[in-house]
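Visitor: Sending over a structure as structure tokens; questions will come in a sec.
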Amino acid sequence: MANHCLYIIGNGFDRFHGLPTLYADFGNYLKSHDQEFYEHLTNWYPTFIDNQNKCVFSLWADYENGLKEIDQELLWQYINDHLTQYGDDNWGDEDNHRVQYIIQSLVDDITTKLKNYLVTWICSIDVLTASKRLQLDADAIYFTFNYTKTLESYYKIPSEQVIHIHGTTDNSASIITGHNLKLLPPVNDFDDFRLYECEKIIHNDYFHKTFKPVESIIQSHKKFFCSLNKISEITIIGHSINEIDLPYYKVIQSKVSDDTTWKISFINSEDKKVCYMTKKQLLIDLGVNGNNIKPFLMDDISK
């Protein structure tokens with residue numbers, strides 16, 4: 001690696017350019033394309049009250065963390081409501097598997113179908129409609145959490161200098177999303193084998209399929225991470241440094257010099273006031289020297 005500068009790019013980068021890449025934008029897309037499915041989702045995921053006293057649907061507020069907030073109590077109520085009891089007058093052989101089929105169909109809807117809509121949405125965003133431009137180092141290395149190819153298409157950064165750690169829109173099959181909730185294997189000793197099979201469906205076909213395998217992703221990019229020993233400056237633009245993605249920061253910190261400068265962007269002074277100390281502390285907890293962490297406003301590097 002010839003360049004000593006690394007950029008870490010998050011969704012705030014695309015948002016700064018005026019691109020509609022919020023998960024709330026995805027919610028609007030889904031509602032306009034399949035309102036029935038949109039409303040179906042609202043049955044299974046919670047809402048919460050934000051700091052502006054607004055009711056917010058968890059998936060559109062924080063999609064990846066929202067995935068692990070599926071209402072399991074409601075799922076089990078749904079299972080029990082559709083479970084034909086042994087000895088029921090209407091019992092048939094199909095009742096040995098009917099409830100499993102019902103819950104499998106439900107889980108498939110809110111995994112495969114939702115993911116397909118997400119991929120279709122993100123691939124529909126035209127990065128060339130961006131309305132702003134930043135001063136970026138054209139020779140730097142870019143580690144991006146974004147699926148969009150704003151760097152390559154809008155800024156003309158060579159693709160060999162860009163790592164799309166979670167996939168990219170020109171290869172929809174590569175797109176990775178997910179939560180970080182690791183569940184132990186099911187251990188409930190149900191008397192009814194149908195309930196045991198339903199639990200396996202929830203565990204294996206929902207939580208496993210919606211889990212982001214960060215550790216294996218890091219291993220698959222081991223060569224890249226090991227090449228960071230010459231990096232002297234890291235610039236984080238538009239990334240929340242969230243819990244799910246912290247392992248990437250941990251491995252980056254372990255590969256770069258202790259003298260490396262870490263620069264964190266903020267959309268404005270209020271954003272900096274509210275979030276800087278939290279982000280700084282997260283990096284310090286990973287081993288970054290606090291004296292080497294510097295904030296800046298994105299407008300300061302805009303053209």
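Visitor: So for the range 13-22 (the condition being surrounded by fewer than 18 Cβ atoms within 10 Å (Cβ to Cβ) and without any contact (Cβ under 8 Å) to a residue 60 or more places away in the chain), does at least one residue qualify?
Guide: Taking the range 13-22 first, the residues surrounded by fewer than 18 Cβ atoms within 10 Å (Cβ to Cβ) are 15, 18, 20, 22.
From what is left, the residues that are without any contact (Cβ under 8 Å) to a residue 60 or more places away in the chain are 22.
Checked the range 13-22: at least one residue is surrounded by fewer than 18 Cβ atoms within 10 Å (Cβ to Cβ) and without any contact (Cβ under 8 Å) to a residue 60 or more places away in the chain.
Visitor: Which pairs turn up if I take residues in the range 47-69 that are within 19 Å of Thr111 (Cα to Cα) and look for partners that are in a strand (DSSP E or B) and of a type in the set (Ser, Thr, Tyr) with beta carbon separation below 8 Å, at least 6 apart in sequence or on another chain?
Guide: Every condition considered, the pairs that remain are Phe57/Thr47; Ser58/Thr47.
Visitor: List pairs: first residue in the range 80-101 and free of Cβ contacts under 8 Å to residues at least 60 places away in the same chain, second residue among the β-branched types (Val, Ile, Thr) and not in a helix (DSSP H, G or I) anywhere in the structure, Cβ distance under 8 angstrom, at least six positions apart or on different chains.
Guide: If the second residue must be among the β-branched types (Val, Ile, Thr) and not in a helix (DSSP H, G or I), the pairs left are Asn90/Thr84; Trp91/Thr84; Asp95/Thr84; Arg98/Thr84.
Visitor: Also, I was wondering about something else. Determine whether Tyr117 is within 28 Å of Asp245 (Cβ to Cβ) and either in the same structural domain as His33 (by TED's automatic domain parsing) or modelled with pLDDT of 95 or more (or both). Spell out how you get there, then give the answer.
Guide: Details: within 28 Å of Asp245 (Cβ to Cβ): yes; either in the same structural domain as His33 (by TED's automatic domain parsing) or modelled with pLDDT of 95 or more (or both): yes.
It is true that Tyr117 is within 28 Å of Asp245 (Cβ to Cβ) and either in the same structural domain as His33 (by TED's automatic domain parsing) or modelled with pLDDT of 95 or more (or both).
Visitor: Looking at the range 253-303, which of its residues are part of a helix (DSSP H, G or I) and aliphatic (A, V, I, L, M)? Working first, answer last.
Guide: Taking the range 253-303 first, the residues part of a helix (DSSP H, G or I) are 253-255, 269-285, 290-292, 298-301.
The answer is Val274, Met277, Leu282, Leu283, Ile284, Met298, Ile301.
Visitor: If you go through the range 50-59 one residue at a time, do you hit one that is part of a helix (DSSP H, G or I), in the same structural domain as His208 (by TED's automatic domain parsing), surrounded by 14 or more Cβ atoms within 10 Å (Cβ to Cβ) and under 20 Å from the mean Cα position of the chain (by Cα)? I'd like the intermediate steps shown before the answer.
Guide: Initially, the range 50-59 is screened for residues part of a helix (DSSP H, G or I), giving 58-59.
Of the ones still in play, those that are also in the same structural domain as His208 (by TED's automatic domain parsing) are 58-59.
Restricting the remaining residues to those that are surrounded by 14 or more Cβ atoms within 10 Å (Cβ to Cβ) gives 58-59.
Filter once more, so that each one left must be under 20 Å from the mean Cα position of the chain (by Cα): 58-59.
Yes, the conditions are met somewhere in the range 50-59.
Visitor: State all residues of the range 207-229 that are touching a residue at least 60 places away in the same chain (Cβ under 8 Å) and within 19 Å of Ile9 (Cα to Cα); if no residue qualifies, say none. I'd like the intermediate steps shown before the answer.
Guide: We begin by selecting, within the range 207-229, every residue touching a residue at least 60 places away in the same chain (Cβ under 8 Å); these are 207, 209-210, 212, 224, 227-228.
Selection gives Lys212, Phe224, Ser227, Leu228.
Visitor: Oh, and also: For the range 1-59, what are the residues that are of a type in the set (Phe, Trp, Tyr) and touching a strand residue (DSSP E or B) at 6+ places or on another chain (Cβ under 9 Å)?
Guide: Of the range 1-59, the ones of a type in the set (Phe, Trp, Tyr) are 7, 13, 16, 23, 26, 29, 37-38, 44-45, 48, 57.
If the condition is that a residue be of a type in the set (Phe, Trp, Tyr) and touching a strand residue (DSSP E or B) at 6+ places or on another chain (Cβ under 9 Å), then Tyr7, Phe13, Phe16, Tyr45, Phe48, Phe57 are the ones that fit.
Visitor: On the basis of being assigned by TED's automatic domain parsing to the domain that holds Asn65, among the aliphatic types (A, V, I, L, M) and either over 30 Å from Asp108 (Cβ atoms) or out of contact with any Ser or Thr (no Cβ under 9 Å at 6 or more places or on another chain) (or both), does Leu195 make the cut? Reasoning before the result, please.
Guide: Details: assigned by TED's automatic domain parsing to the domain that holds Asn65: yes; among the aliphatic types (A, V, I, L, M): yes; either over 30 Å from Asp108 (Cβ atoms) or out of contact with any Ser or Thr (no Cβ under 9 Å at 6 or more places or on another chain) (or both): yes.
Here the answer is yes, as Leu195 does meet what is asked.
Visitor: Can we say Gln135 is farther than 30 Å from Gln161 by Cα, among the polar types (S, T, N, Q) and over 25 Å from the mean Cα position of the chain (by Cα)?
Guide: Details: farther than 30 Å from Gln161 by Cα: no; among the polar types (S, T, N, Q): yes; over 25 Å from the mean Cα position of the chain (by Cα): yes.
For Gln135, the condition - farther than 30 Å from Gln161 by Cα, among the polar types (S, T, N, Q) and over 25 Å from the mean Cα position of the chain (by Cα) - is not met.
Visitor: Sticking with this one: Looking only at residues in the range 1-46 that are among the β-branched types (Val, Ile, Thr) and under 30 Å from Leu106 (Cα atoms), which one is modelled with the lowest pLDDT?
Guide: Going through the range 1-46, the residues among the β-branched types (Val, Ile, Thr) turn out to be 8-9, 21, 42.
Keeping just the survivors that are under 30 Å from Leu106 (Cα atoms) gives 21, 42.
On the way: Thr21: 97, Thr42: 91.
Applying the filter and picking the extreme gives Thr42.
The values are calculated or read from the model by the stated rules, or taken from the named source; none is laboratory data. Please read these numbers as outputs of a predicted model, since none were measured by experiment. Positions of Cβ are generated from backbone atoms using ideal geometry, with glycine treated the same way; all protein chains shown enter the neighbour counts.
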